[in-house]
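Reviewing the structure listed below.
The values are calculated or read from the model by the stated rules, or taken from the named source; none is laboratory data. Bear in mind the structure is a predicted one, so any value in this text is a computation, not a measurement. Neighbour counts are summed over all protein chains in view; Cβ atoms, including those assigned to glycine, are modelled from backbone coordinates with ideal geometry. Areas reflect the complete protein model, heavy atoms only, side chains present, ligands, DNA and RNA absent. Shrake-Rupley method; radii C 1.70, N 1.55, O 1.52, S 1.80 Å.
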Amino acid sequence: MSIAQNIGDIDTRMGAKTRLIAVTKTKPIDILLEAYHANFKRFGENKVQEMAEKHQALPKDIEWHLIGHLQSNKIKYIAEFVSMIHSVDSLKLLREIDKYAAKHHRVIDCLLQIAISDEQTKFGMSQQEAQELMDDPALLELNHVCIKGLMGMASNTTDEAQIRAEFRSLKSFFDHISTTRKVSHVLQMQEISMGMSGDYPIAIEEGSTLVRVGSAIFGSR
Ligand SMILES: *Cc1c(COP(=O)(O)O)cnc(C)c1O
């Protein structure tokens with residue numbers, strides 16, 4: 001099957017509330033162009049440098065999602081164009097993003113990455129840390145970032161019940177925040193980024209609004 005067919009196939013499974021992000025990390029420009037020419041323009045990358053190079057080389061109407069860990073000294077390379085940063089895990093990082101977004105007169109949409117898996121190696125904040133961040137009065141001083149929701153990665157397991165429970169915990173935390181915290185210029189809970197090649201059908205059933213799919217579209221890396 002071609003890349004265009006794979007994207008088309010997966011895209012039709014999204015339902016009304018969910019959008020597909022094609023994870024293009026490690027894939028060369030001509031592969032991204034193939035997706036682009038099939039009229040697909042929402043890409044996810046996990047490395048700042050790689051995303052910046054691809055942004056430079058490709059048409060400018062692409063939506064770029066940073067899904068990997070972000071170091072504050074690298075924000076400057078993507079602040080001008082990134083559509084959404086899925087991997088925010090501290091107020092300190094949010095402040096840095098705000099600073100560089102201001103230089104470009106932009107508001108950068110961000111998601112808080114929440115640890116939902118049983119793997120210590122995966123990044124993300126605890127629910128408690130995320131609540132503290134959202135309740136910190138200093139948050140309201142930021143005018144160039146907006147927390148649009150949450151991101152999480154399920155455990156790398158074949159146990160579907162476990163994956164479903166992890167996604168469900170993210171969704172219920174999202175619901176809790178949505179009903180208990182005031183909407184403001186810097187906090188607007190709308191998105192739940194969860195689901196990858198191996199588990200996106202479960203994520204969609206559990207309320208995902210953004211799925212991040214790489215290998216099921218482009219083949220293994
Ligand atoms: C690589 C990656 C994905 C996509 O993984 P696949 O299994 O190839 O679909 C999704 N999210 C994050 C954060 C990733 O790093």
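Within the accessible surface of region 34-98, defined with a 1.4 Å probe on protein heavy atoms only, the carbon and sulfur portion equals 43 percent. Candidates PHE43, ALA216, ILE202 compared by Cα position along the dipole of region 3-218: farthest toward the positive end lies PHE43, with charges placed on Cβ.
Just to be sure I understand the curve: with the Debye formula and one point per C-alpha of region 52-158, what is log10 I(q)/I(0) at q = 0.13 Å⁻¹? Log10 of I(q)/I(0), two decimals: -0.49.
Relative intensity of the chain on a log10 scale, I(q)/I(0) at q = 0.09, 0.14 Å⁻¹, equals -0.34, -0.85, per a Debye sum over C-alpha point scatterers of equal strength in the absence of solvent. Solvent exposure of region 1-106 amounts to 49 Å² per residue of accessible area, where only protein heavy atoms count and the probe is 1.4 Å. Among ALA154, ALA57, ALA22, the largest mean-square fluctuation in a Gaussian network model of the chain (Cα springs under 10 Å) belongs to ALA57. Remark: region 177-192, residue by residue, has Karplus-estimated 3J(HN,Hα) of 4, 4, 8, 10, 10, 6, 5, 9, 5, 10, 9, 9, 6, 10, 10, 10 Hz, where x stands for each Gly or Pro and the curve is 6.51 cos²θ - 1.76 cosθ + 1.60 at θ = phi - 60°.
Under a Gaussian network description of the chain, with springs only between Cα atoms under 10 Å, the residue in LEU33, LEU187, LEU210 that fluctuates furthest is LEU33.
Suppose each label sits 7 Å from its Cα in the direction of the beta carbon; what would the ALA138-SER90 distance come out to in nanometres? Distance between the two pseudo-spin positions: 1.1 nm.
Label separation (ASP30 vs SER184): 5.1 nm, computed from points 7 Å beyond Cα along the C-beta direction. Overall dimensions of region 94-205, expressed as equivalent-ellipsoid semi-axes from the Cα gyration tensor (√(5λ), whole Å, largest first), are 27, 14, 12. For GLU205 and ALA57, the difference between the fully extended length at 0.36 nm per residue and the C-alpha to C-alpha distance is 49.7 nm. Solvent-accessible area per residue in region 115-192 equals 53 Å², computed with a 1.4 angstrom probe and all protein chains kept.
Using the crude model of +1 on Lys and Arg Cβ and -1 on Asp and Glu Cβ, and no other charge, please compute the dipole size for region 3-218 relative to its Cα centre, in debye to 20.
Charge dipole of region 3-218: 560 debye, to the nearest 20.
For the chain, what is the percent of antiparallel DSSP beta bridges, rounded to the nearest 5? Approximately 5 percent, going by the DSSP bridge assignments. Residues whose amide H lies under 5 Å from that of MET125, counting only those 5 or more places away or on a different chain, are GLN113, ILE114, ALA115; hydrogens are built 1.01 Å from N in the peptide plane. Just the protein heavy atoms count here, and of the accessible area of region 106-221 at 1.4 Å, carbon and sulfur take up 48 percent. Label sites at LYS103 and ALA165, each approximated as a point 7 angstrom past Cα along Cα to Cβ, lie 4.6 nm apart.
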